[in-house]
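Taking it in order: structure first as structure tokens, then the write-up.
The values are calculated or read from the model by the stated rules, or taken from the named source; none is laboratory data. Keep in mind that what you see is a predicted model, and the values were worked out from it rather than measured. Here the Cβ positions follow ideal geometry from the backbone for every residue, glycine too, while neighbour counts run over all protein chains shown. For the accessible areas, the whole protein counts, side chains as well, though only heavy atoms, and no ligand, DNA or RNA atoms are used. Shrake-Rupley method; radii C 1.70, N 1.55, O 1.52, S 1.80 Å.
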Amino acid sequence: MELRIVAMLALAAITLSAAYAAPPKKKKLLLVSHTAGFRHDEGIAAGEKTLTEIGQVSGVFTLEMCRNADDVKRMLTPEYLNAGKFDGVIFNNTTGDLGIPDLKAFLDWIKGGKAFIGMHAATDTYHGNADYLDLIGDEFLTHGAQCTIEPLVQDAKHPATAQWEKGTKILEEVYIFKHNDRSKVRVLLYLDKNPNDGRPVANQPGDCLIAWCKAHGKGKVFYTAFGHRADVWGNEVVRRHMLGGIRWALGNAKGSAVPGPARP
Ligand SMILES: [Zn+2]
């Protein structure tokens, strides 16, 4: 065969294989919204709708719902999660002691290399449980009246914040955390003053974390305090933030999980 024809055929084969390359495999997440304490009806409903849409439009993940105490007992076990080939879980506005049959086994499942994503009241869950707090990174303390905040981006290279539009203002119920410990988590979004009384950094709690990520063994944890109000779930900037964080936790996008930095 003439060399020129061989070269043309080889080129055609490369072009074809590129065109037919399989898209990245869709990931599967369990969306948990059981509450054993305060129930965020609005945030839970808006979260299910938004996360379903984000998964469909992006093509990144599909969801299965885990909505009540019976679902938790049946689904939040390594056996169920492995059998269903789940890549991780999202805790959407969970509260209190969820009744996970073997919490340590579940946390070990995450540690083995799965994604854990927490929205809003996920930090109002399993209070005082050191193992769960070690997973999620901080604990809800209190909140004041809903107010408008302008979050500051700490890590502009992270997929959760790379597309955050500077100056975005959001009306939300803003959580104040117990520790705001920057040595435990990688800060993605924060406020340099208390959202409700405007106290500056020098006065605690002036450094208010809003979103962060961290490693948990081989697993990846992404948490955002957004998710109380339905219109926050509908905010395009917040939706991109959530999708970026989910893609990172699933290993579909790269970003650092090194704790810090120290308070600016
Ligand atoms: Zn709330």
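The residue that is surrounded by the most Cβ atoms within 10 Å (Cβ to Cβ), counting only those in segment 242-264 that are charged (D, E, K, R) and farther than 20 Å from Gln56 by Cβ, is Arg263. Checking Ala211, Ala156, Ala160 one by one, the residue that is within 29 Å of Asn252 (Cβ to Cβ), surrounded by 14 or more Cβ atoms within 10 Å (Cβ to Cβ) and either within 16 Å of the ligand (Cβ to nearest atom) or over 16 Å from the mean Cα position of the chain (by Cα) (or both) is Ala211 and no other. Exactly one residue among Val232, Val221, Val238 is within 16 Å of the ligand (Cβ to nearest atom) and either under 19 Å from Phe61 (Cβ atoms) or surrounded by fewer than 16 Cβ atoms within 10 Å (Cβ to Cβ) (or both), and that residue is Val238.
If the condition is being assigned to a strand (DSSP E or B) and open to solvent by 60 Å² or more (accessible area, probe 1.4 Å), then segment 163-181 contributes only Leu171.
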